[in-house]
Number of protein chains: 2
Amino acid sequence: MSFASLDEVHAFCRALPQGDGLAATTAKERQASLTKPPGSLGRLEELAAWMAHWQGRALPRLERVAIAVFAGNHGVTARGVSAYPQSVTAQMVLNFQRGGAAINQIAKAAGAELRVVPIELERPTQDFTVGPAMSANDFLAAVNIGYATVQPDDDLLAVGEMGIGNTTAASALCAALLGNGAEPWAGRGTGVDDDGLARKRRAIDAALARHRNVLGDALQAAAALGGRELAAIAGAVLAARKHGIPTLLDGFVATAAILPVARPYPAILDHCKAAHVSAEAGHRRLLNELGLRPLLDLDMRLGEASGAAVAMSLLRAAIACHHGMATFSEAGVAEAQG
Amino acid sequence: MSFASLDEVHAFCRALPQGDGLAATTAKERQASLTKPPGSLGRLEELAAWMAHWQGRALPRLERVAIAVFAGNHGVTARGVSAYPQSVTAQMVLNFQRGGAAINQIAKAAGAELRVVPIELERPTQDFTVGPAMSANDFLAAVNIGYATVQPDDDLLAVGEMGIGNTTAASALCAALLGNGAEPWAGRGTGVDDDGLARKRRAIDAALARHRNVLGDALQAAAALGGRELAAIAGAVLAARKHGIPTLLDGFVATAAILPVARPYPAILDHCKAAHVSAEAGHRRLLNELGLRPLLDLDMRLGEASGAAVAMSLLRAAIACHHGMATFSEAGVAEAQG
């Protein structure tokens with residue numbers, strides 16, 4: 001499938017697949033029969049039922065586990081918003097392809113397949129203080145690339161990104177769609193200094209003023225202020241919904257990437273979990289706005305889907321218990337007294 | 001080694017091994033050279049350096065990973081403090097031995113060896129509202145069993161427990177050593193109802209009054225109010241310190257088990273991390289008192305070392321990055337500007 005217009009994306013989002021409530025109910029009944037006090041595995045029980053719901057299997061599986069890392073370049077780096085030069089995006093993609101980055105090690109430990117998808121790195125988005133970051137067609141092309149990255153038989157998806165300058169784009173999207181200007185949303189990203197942070201905030205506020213006429217449509221805002229890797233994340237999340245694949249959002253940028261869909265269509269988040277809360281300034285605020293409770297809080301702020309990949313082990317533990325534990329009757333263990 | 005008196009335990013704790021600061025420094029220098037913004041892996045970086053410190057290896061390893069689950073029975077169950085009958089302790093030990101419990105599944109997923117150590121289940125501790133839970137000799141015997149459960153070449157240890165009634169013992173220890181009576185420390189454990197919770201609090205307050213003359217010595221308090229599985233956890237933590245083994249504490253009971261050592265000798269916690277914060281009422285308060293920040297917060301309250309076993313995957317991710325990532329110079333990636 002591929003989207004030919006923003007209207008087609010809107011139409012898809014108005015009729016999102018709903019998952020399988022019966023599978024979730026059956027999973028919860030199984031959890032109640034296992035040899036532990038009811039509810040004592042906490043969020044691991046919730047995760048098992050959530051995976052059952054979206055996979056449509058009372059015994060969900062984690063055989064094919066995918067991590068998609070999209071990369072893009074950003075014209076706004078010309079404004080001095082990052083501690084690193086734009087060339088680092090391509091250098092890090094090469095590092096991913098050679099197996100030397102954090103995500104390679106964590107993906108291997110998580111038993112996950114890593115899909116690295118650079119998108120037109122040689123053609124950065126336009127500096128959004130000057131004009132729209134992308135045309136509608138460029139935005140849709142990136143959404144479609146993300147959509148196609150997901151395989152219908154994936155059992156779990158994690159989405160993440162790499163792109164020097166992309167916390168500036170993510171902060172701009174948050175400010176455009178949730179308000180309060182650049183200040184509460186813009187943080188230090190990869191570690192920009194005080195002057196760089198001030199430049200970052202000025203660039204965002206300038207972009208909000210320049211593009212104010214299109215910000216009423218969240219998808220147009222995503223084209224004007226976002227980035228190709230953010231658009232691809234949104235596309236991948238839509239594909240995961242289509243195929244019934246539970247999805248882990250990585251950090252601030254990955255969460256901001258789905259905001260242009262989640263703001264008008266909050267139900268898109270039903271098959272998503274926030275894998276972690278990043279140390280990047282705006283992420284906790286963004287999660288609160290979206291009603292997402294993160295699985296992990298480890299002060300990570302790397303991107304690359306690294307937090308989502310770490311969280312995969314929690315899902316593996318949840319599934320291992322859900323499948324492998326004995327029931328009270330199988331084990332001959334007495335249940336709680338009246 | 002085995003302790004022949006409480007004085008010998010005190011003497012051990014006055015001269016705790018200190019770890020290897022040079023290995024930790026070397027590990028931190030390596031972290032700074034890896035292809036990521038400095039500090040961007042957050043607590044994963046801290047965990048790598050912490051393991052280096054205690055293992056005395058700049059490249060720490062996780063080959064032999066052990067989970068010790070100690071089980072004991074408690075005379076105070078006669079006071080109606082639990083939702084489950086005392087017989088469930090032995091039934092669950094059998095479930096552990098047959099592979100049907102949550103910890104079996106999580107240990108397997110974590111690549112860990114599970115050591116299940118029931119301690120005189122047929123001889124419960126004395127009801128501590130009537131007399132001391134254990135004699136000093138019974139307490140020391142359990143400490144020594146825990147100590148002997150740890151192997152000198154273990155690379156990582158997780159400690160946990162099983163024992164119907166043992167949140168009552170744990171709460172009593174907290175109240176005795178940290179103050180404020182039973183109320184803030186006693187929670188619902190496996191899920192006791194309101195009447196049971198009231199009985200639990202009355203039993204603890206009665207025990208605090210009965211044993212007030214011995215509570216000035218934390219180890220005597222542990223004998224009077226604790227349990228064999230709690231004493232064994234303390235012994236295992238001492239052995240881990242002796243052998244330089246980083247240690248993950250499981251939930252409320254496991255943390256309370258080390259309190260009689262940590263209260264007089266806070267340095268015992270230097271080689272320990274709180275794996276998670278339990279949903280059991282007193283745990284967050286106890287962690288705050290001890291200055292421990294938990295790695296996970298998943299509403300778990302099962303015990304069995306289940307939270308500690310889930311947290312092992314974070315340590316595996318930390319070590320995978322520490323070992324496997326390319327440095328900036330190896331990967332040809334530009335470092336931060338200015």
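The values are calculated or read from the model by the stated rules, or taken from the named source; none is laboratory data. Here the structure is a predicted model, which means the values were calculated and not measured. A quick note on method: Cβ atoms are made from the backbone with ideal geometry, for glycine too, and the neighbour counts reach across all protein chains shown. When the accessible area is computed, the model is the full protein with side chains, heavy atoms only, and any ligands, DNA or RNA have been set aside. Shrake-Rupley method; radii C 1.70, N 1.55, O 1.52, S 1.80 Å.
Give me a comma-separated list of calculated 3J(HN,Hα) values for the stretch A:89-101, in order, Karplus coefficients 6.51, -1.76, 1.60 applied at θ = phi - 60°, integers in Hz, x for any Gly or Pro.
4, 5, 4, 6, 4, 4, 4, 4, 5, 8, x, x, 8
Taking 10 °C and 1.306 mPa s as the conditions, I'd like the Stokes-Einstein D for the stretch B:216-288 in µm²/s, using the Kirkwood hydrodynamic radius from alpha carbon pairs.
After rounding, the answer is 128 µm²/s.
Need the list of lysines near A:LYS108 for cross-linking: C-alpha distance under 24 angstrom, and skip anything on the same chain fewer than eight residues off.
A:LYS273, B:LYS28, B:LYS36, B:LYS108
Cα convex hull of the stretch A:110-215: mean projected area in nm², to one decimal?
8.6 nm²
Given just the C-alpha atoms of the stretch A:77-126, how large is their convex hull per residue in cubic angstrom?
Cα convex hull per residue, to the nearest whole number: 93 Å³.
Which one of A:GLY179, A:GLY244, A:GLY165 has the biggest mean-square fluctuation once chain A is modelled by GNM with Cα springs under 10 Å?
Comparing A:GLY179, A:GLY244, A:GLY165 in the GNM, the peak value goes to A:GLY179.
Rounded to the nearest 20 debye, what is the charge dipole size of chain A about its Cα centre when +1 sits on each Lys and Arg Cβ and -1 on each Asp and Glu Cβ?
It works out to roughly 200 debye.
Using a 1.4 Å probe and counting only protein heavy atoms, how much accessible surface gets buried when B and A come together, both sides summed, in Å² to the nearest 100?
Roughly 4300 Å².
Per 10 Å bin from zero, what fraction in whole % of the C-alpha pairs of the stretch A:1-92 is there, up to the bin with the longest pair?
Pairs per bin, as whole percents: 13, 23, 21, 22, 16, 4.
Direction-averaged shadow area of the convex hull around the Cα atoms of the stretch B:158-197, nm²?
3.4 nm²
Starting at the first residue of the stretch B:230-240, write each ³J(HN,Hα) from the Karplus equation 6.51 cos²θ - 1.76 cosθ + 1.60 with θ = phi - 60°, in whole Hz, x for Gly and Pro.
5, 4, 5, 4, 4, x, 5, 5, 5, 5, 4
Quickly estimate the mean residue ellipticity at 222 nm for chain A, helices only: each DSSP H run with n ≥ 4 gives -39500 (n - 2.57), and the total goes over all residues, rounded to 500.
That comes out to -15000 deg cm²/dmol.
With axes computed from alpha carbons, what is the tilt in degrees of helix B:21-33 against the longest principal axis of chain B, rounded to the nearest 10 within 0 to 90?
50 degrees
Tell me the label-point distance for the pair B:SER135, A:GLU183, using the 7 Å Cα-to-Cβ offset, in nm and rounded to one decimal.
7.1 nm
From a point 7 Å beyond the Cα of A:GLU335 in the direction of its Cβ, which residues of the stretch B:53-86 have a backbone N at a distance under 20 Å?
Residues B:82-86 fall inside that zone.
Pick from B:MET300, B:MET312, B:MET51: which is most flexible by mean-square fluctuation in a GNM of chain B where alpha carbon atoms under 10 Å apart are linked?
Among B:MET300, B:MET312, B:MET51, the largest GNM mean-square fluctuation belongs to B:MET300.
With θ taken as phi - 60° and the coefficients 6.51, -1.76 and 1.60, list the Karplus ³J(HN,Hα) couplings across the stretch A:279-294 in order, rounded to whole Hz; mark glycine and proline as x.
6, 5, 3, x, 5, 4, 4, 5, 4, 4, 4, 8, x, 9, 9, x
Could you tell me what % of all Cα pairs in the stretch B:182-338 have separations over 18 Å?
Here the long-distance tail beyond 18 Å is 66 percent of all Cα pairs in the stretch B:182-338.
What is the set of long-range amide H partners of A:HIS74 at a cut-off below 5 Å, with H atoms built 1.01 Å from backbone N?
Counting only residues 5 or more places away or on other chains, the set is A:THR125.
What is the Cα coordinate range of the stretch B:281-338 on the first, second and third principal axes, sorted by size from largest, in whole angstrom?
Projected onto the principal axes, the Cα atoms of the stretch B:281-338 cover 50, 27, 17 Å.
For A:ASP270, go 7 angstrom from Cα along the Cα-to-Cβ vector, then report the distances to that same point in the other copies in nm, smallest first.
With the label placed 7 Å along Cα→Cβ, A:ASP270 yields 5.4 nm.
Work out the mean other chain Cβ neighbour count within 10 Å for the residues of B:44-57 and drop it here as an integer.
Other-chain Cβ atoms within 10 Å of each residue's Cβ, averaged: 1.
For A:LEU156, enumerate residues with amide H under 5 Å from its amide H, sequence gap 5+ or separate chain, H modeled in the peptide plane.
Under 5 Å from the amide H of A:LEU156: A:ALA66.
Using the Kirkwood formula on the Cα atoms of the protein assembly as shown, what hydrodynamic radius do you get, in angstrom to one decimal?
26.0 Å
Mind checking the mean number of beta-carbon atoms from other chains within 10 Å of the Cβ atoms in A:303-314?
4
Which is the longest stretch in chain B that no exposed loop site breaks, taking sites as GluC sites (Glu not before Pro) with a DSSP loop state and at most 12 other Cβ atoms within 10 Å?
Of all site-free stretches, the longest is B:123-338.
Leaving out ligands and nucleic acids, note down the accessible area per residue over the stretch B:293-338 with a 1.4 angstrom probe, in whole Å².
I get 32 Å² per residue for the stretch B:293-338.
Normalising by the residue count of chain B, find the relative contact order in percent from Cα pairs under 8 Å and 6+ residues apart.
24 percent
Tell me which residues come under 5 Å, amide H to amide H, from A:VAL117 once H is placed; ignore anything under 5 positions away on its chain.
So A:VAL117 has HN proximity to A:VAL69, A:PHE70, A:ALA71.
Sorted from shortest, what are the nm distances separating the label point of A:GLY291 from equivalent points in the other copies, each placed 7 Å from Cα along Cα to C-beta?
The projected label point of A:GLY291 is separated from its counterparts by 4.1 nm.
How much accessible area per residue does the stretch A:1-129 have, counting only protein heavy atoms and a probe of 1.4 Å, in square angstrom?
With the other protein chains kept in place, the stretch A:1-129 gives 39 Å² per residue.
Can you give the Rg to Rh ratio for the stretch B:1-44, taking only C-alpha atoms and Rh from Kirkwood?
On the Cα set of the stretch B:1-44, Rg over Rh gives 1.34.
Please work out the FRET efficiency for the pair A:ALA209 and B:LYS28, using the Cβ-Cβ distance as r and a Förster radius of 51 Å; give the result to the nearest 0.05.
0.70
Along the three principal axes, how long is the stretch B:169-253 when you take its alpha carbons, biggest first, rounded to the nearest angstrom?
Its Cα atoms span 44, 32, 20 Å along the three principal axes.
Please identify, among A:ALA172, A:ALA182, A:ALA320, the residue showing maximal mean-square fluctuation in a Gaussian network model of chain A using a 10 angstrom Cα cutoff.
Comparing A:ALA172, A:ALA182, A:ALA320 in the GNM, the peak value goes to A:ALA320.
Please give the direction-averaged projected area of the C-alpha convex hull for chain A, in square nanometres with one decimal.
With the hull built on Cα positions only, its mean projection is 17.1 nm².
What are the distances, in nm and sorted shortest first, from the label point of B:GLY131 to the label points of the same position in each other copy, with each label point placed 7 Å from Cα along the Cα-to-Cβ direction?
Its label point is 9.0 nm from the equivalent points in the other copies.
Put simply, what bits of the stretch B:71-109 lose 50 Å² or more of accessible area when the other protein chains are there, versus the chain on its own (1.4 Å probe)?
B:TYR84, B:GLN91, B:GLN105
Specify, for chain A, the residue whose C-beta is closest to the rotation axis mapping it onto chain B, with the distance given in whole Å.
So the chain A residue sitting closest to the axis is A:SER313, 2.
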